[in-house]
Each structure stands twice: as structure tokens, then as C-alpha cells.
Amino acid sequence: MRGIQDQLAHRAKQTPDQRYLSQPIEREWHTWTWAEAFDEARRMAAALERLGLEPGDRVGLISRNCAHWVLADMAIILAGLVSVPVYPTAKADTIRQILEHSGCRACFVGKIDQAAERLAGVPAGVTTIAMPYPDTGGDRSWDELIEQPAGDFQPRKRGEEDLATLLYTSGSTGTPKGAVHSFSNFAFVGRTLPTALGVEPGDRVFSYLPLSHCTERAYVEAASFYAETSLYFAESIDTFAEDLCHARPTLFGSVPRLWKRFQLGVLEKLPPEKLDRLLRIPLVSTLIKRKIKKRLGIDQVRWFASGSAPMAVSLLEWWDRVGVTIREGWGMTETFAYGTQIGLDIEPRFGTISRALPEAELKVSDEQELLIRCPCLMDGYYKADELTTESMTEDGFFRTGDRAFIENGWVTITGRVKELFKTAKGKYIAPVPIESLLARNSWIEMACVLGSGMTQPVALVQLADHAPDDRAQLTRQLESDLGRLNRDLEPHERLASLIVVSETWEVDNGLLTPTLKIKRDVIEAKYNDLVARAGDAGNQVHFED
């Protein structure tokens, strides 16, 4: 089995003319074959050595997804260095904490919003290398460094158990922790995932979920080193739809919040009642499904996926009705995103996160916590031995923090262990299943159920853009939906009220993680007074403003 360093050279030799990377820059598409990508990465690896970096040194990566993110990572691998990806949406203090904690000596910087503000967090003494995109800057420029040929540069060999990358968690429960992953772990996910999922030569992937996160790094980048896939990127958020249609991917994954937004985009053009009526007419139904997928740019996709957080069954069923069958998967930063998923040969079971991937062992503890052991499990948390010990069982399983049950191999997540809260009645409530039921309302984009110490829980909801402006109409519909939802819940779970918030929950305002999961503790603290006022008002539906 080839290690990841050897595999890069092998791909460049075996498929030199295959298109590998496609990147729009100022609306012109630039492409790299495997031979061209490998040559550019070798030149950058040689340049990193000229800057004084030695095998084992840490190098940061801060940028939105782009071709040069992958080229930079290839260069880091070939030079035997250690990559430290940082979310491009991270604040300056988080960037500083990660780069200092990991001991980075250099850092690639690329497509970043509010770059000056964020990059103020780069510590003094860390050499920044600017990727060749408009409005990027650094101590050295990409084009300047790769001008010189690689000459006789050869990959600086590292052992399979040597450190390859530090993957920092998204910080949903505090300061990001650095998961230690070896070259062996990196290679394992790259080799194993394409076979497990049924990836075929020539498959196209549109890379837009953060490459700094383990899932995109494993399923997209690492897999592309071993499978003959081509990667496409978006130039900006504004050009996302156009660039997706250009790529016309054959494999496509997203996260629940974006699947919801894609759905809302469809419903803005085809109201639910009209769409339902058209889908009941056989011939028209086929045409409508084809039109929806083509307009989104996903008409050639063979395999759809979702991850990051549990997806509402109602949303999965809605997409299935329009011809988009989504397979939910699960993994963690600590497992290099490896855990559960299924290929095209297995029908999904909505409401589950699929089945264990090859060589992944899963079980549930007496406390209903999901435990995992796999070949790509991290070697521990960087500089946190005590935390590493606490996260492992005596028989070598990682404590995931997810509550789950397993039935005939199918795994269902019911929430996070730490998300359970107890009401004033002494009853425990898991918020995630209730939030999934709220997602059946197409006017509700996101929800957060709270209620620790309260008589009954409540739900904070963020409305979709297409929700009606008529407050009376909106109130009547939400009250009706709340009544139906409560009939499906146990008495202690029933919601006392829905509280409509006015502020949009985003990464930049600290209410979502970079992977678009809600920061429950931050939201609870922010809206504590609003929840108390709503309870005093006694209304079933309460508006923040």
C-alpha cells in the first residue's frame, strides 16, 4: 500500500494528463492536470525548504477552498512538513491560539473575508505566503516562490506513524483541540473511502465545505489523491450557483443547514402546494425533478450525502421526493471524519447516520454514548495528555460524546451527551429530536430547544427569508404547527412556546460553528432574558422585536 507521499508521485506518473483541479479567478477558469499540479507542488515544497523549513515543522493553511489550498497541502506533504488548517472564518484570537499552540513557523493565506482583521492574529515571526488571488497579501508571494524550478528535489520521506497534520476541532464546546493524525491515518481515509462509497474514475467533486474541516479533507482531498476524481471550486459566495452549474458534479455532499437553504430556494420558485400537485402527475413529476436538479447544477450527481449534524427526516423525505436521495454519514475530527456512511449499493434508512465503514468498530456504552475504534483514530490531543486519556476507554475506544443506539448495524444519533437538560419537573430532554420535528415547517430555517430548570421547554427559531411578513398569518400558522408537534411529544417534552428571533445565526456573530452547527451554550446565554420574558408573557408564539 502506497503512503500518501508516494501516492502523489504515482498519480502524476500514471495519469499525468487527467484534469485534476479547476479554479475560477476573476471569472476565468484555470485548470491543472495531475502532472501540472504535482510539478507546482514540488516547486513550492522546494521553496519551503529554501525558507529554512525542515521535516516535521508546522505550516498553517488559512483560506476558503481553492485549488491553491490543495496545492499548498501537497507541497507540505512532499516536504515532510505538518499541515495545520485553520477555518477561514476564525477570529484573530482563534487564529493566534491555533498557530501558537501548534508552533507554526509559516502559514499559507488565501481567500479570506475581512482578511486584515482576521490575519492580525498571525503571531510575529510566522512567515506568511500569499496565494495568487486578488486582494491577498503576505510576506512572500506564491508566484515568486514557485518561479525557481524544483530541480532535483525529492519528497522528504516520513514514517507512516510520523505526524502529518494537526486537525483542530471547530470549537463548538470551547477552545479548539488539536487532533494528532499520522501519515498512515491520512492515507487510510484516502484509500478506503473511494472504494467504500463506489467512487469511479472521472467523478467530479465540487469542493465548497471547509477543507480545514476533517470531512472535506478526507472525503474530497485525501480521496482525490487515491481515486481518479477531479475537483472544482467556487470563486465566491456570489458565484456559487454559477460555479456549481459549471462543475456539474457527480458526487455531492452538504450539511443540514445548506440542504435546508437549497430547499428554500426551490420553494421560493415553486410554492409547496404547487410543487406537491405537480409531483402527483407521473410525467410532469419526472420533468419537474429533472428541472429542479438541473437548475441547482446537481443533475449528474450519482451519490448525495449529508453530515456535520443530524438532518431532519422530513427534510430527507422532501429531497427524496424530488429525486435527491441523501445518505447521512458521521465522523469526527478525532477519527479523520471516518465512521459511518454507505455507498450507492445500499438504500439509506432516513433518521440514521448509516452503517459503520470498513474496519470501523462501533458500540454504545451503558450511558448510551457512541464509542468508536478505527485504523485512523487520532494519536491523541496535541499537548493535552490528560484530555486524551479521559477521551478513551480502557479497551481503546474513543468516547464520541454523541448519544446513540445501534439496530441491526444502523446507527441513530439522538443528540450530544452534554446537551441533555433537566426540567424543573426532574425530567431529562434531548433537544435534537424536537428540533428535527420543528424542521418540518418550511418557514423555520433553524431551531434551538432550551429548558434547563424550566417547567416546560421552549424553542428559539430563526425564520426563512420566504416566511410571510404578515405577523398575524405567521402567528396562526406557527401556533397550529406547535399544536401538532406537541401531540407527537411526551408530556414533559411539549414546548411551551416558540420564540422567533430577529438576528440571523451565523458563523461571524459566533452563534454557529464553522461547520454550521449551532453553538447551543452561546445561544442559550444570549437569549436567556428573552426566554424569561417570553415565559412571563404566556403567548404560544413570541417575537423578539
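The values are calculated or read from the model by the stated rules, or taken from the named source; none is laboratory data. From a predicted model like this one, the values you see are computed outputs, not experimental measurements. Cβ placement follows ideal geometry from the backbone for every residue including glycine, while neighbour counts extend to all protein chains displayed.
Within segment 317-355, how many residues turn out to be under 17 Å from A218 (Cβ atoms) and surrounded by fewer than 21 Cβ atoms within 10 Å (Cβ to Cβ)? Before the answer, list the steps.
The initial filter retains those residues of segment 317-355 that are under 17 Å from A218 (Cβ atoms), namely 327-343, 353-354.
Filter once more, so that each one left must be surrounded by fewer than 21 Cβ atoms within 10 Å (Cβ to Cβ): 343.
Residues in segment 317-355 being under 17 Å from A218 (Cβ atoms) and surrounded by fewer than 21 Cβ atoms within 10 Å (Cβ to Cβ): 1 in total.
Might you let me know whether segment 452-461 holds any residue that is touching a Lys or Arg at 6+ places or on another chain (Cβ under 8 Å), under 30 Å from G178 (Cα atoms) and not assigned by TED's automatic domain parsing to the domain that holds G339? No; the residues of segment 452-461 include none that is touching a Lys or Arg at 6+ places or on another chain (Cβ under 8 Å), under 30 Å from G178 (Cα atoms) and not assigned by TED's automatic domain parsing to the domain that holds G339.
Residue by residue, here is whether (1) exposed (fewer than 13 other Cβ atoms within 10 Å of the Cβ); (2) at pLDDT 95 or above holds:
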{"position": "R96", "(1), (2)": "no, yes"}
{"position": "H101", "(1), (2)": "no, yes"}
{"position": "T127", "(1), (2)": "no, yes"}
{"position": "T136", "(1), (2)": "no, no"}
{"position": "D143", "(1), (2)": "yes, yes"}
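Within segment 37-51, residues that are in a helix (DSSP H, G or I) sit with their Cβ atoms under 6 Å from residues that are modelled with pLDDT under 95, at 6+ positions apart or across chains, in these pairs: R42/A150; R42/F153; R43/A150; A46/A150; A46/F153. Under the condition of being surrounded by 17 or more Cβ atoms within 10 Å (Cβ to Cβ), assigned to a loop (DSSP other than H, G, I, E, B) and of a type in the set (S, T, N, Q), the residues counted in segment 145-178 number 3. For segment 52-84, taking the residues that are among the β-branched types (V, I, T) and part of a helix (DSSP H, G or I), the one that is nearest to Q97 (Cα to Cα) is identified as I76. Here S308 fits the description: modelled with pLDDT under 95 and surrounded by 15 or more Cβ atoms within 10 Å (Cβ to Cβ). Taking segment 188-292 as the region of interest, the helices (runs of 4 or more DSSP H) fully inside it that hold 1 or more residues being modelled with pLDDT under 95 are 240-247, 256-269, 272-279. Of the residues making up segment 313-328, just one is more than 21 Å from Q300 (Cβ to Cβ) and outside any helix (DSSP H, G or I), namely E328. Only one of the listed residues (R290, R277) is touching a residue at least 12 places away in the same chain (Cβ under 8 Å) and of a type in the set (D, E, K, R). That residue is R290. Consider segment 453-470 and keep the residues that are out of contact with any Gly (no Cβ under 7 Å at 6 or more places or on another chain) and part of a strand (DSSP E or B). The one that is surrounded by the most Cβ atoms within 10 Å (Cβ to Cβ) is L460.
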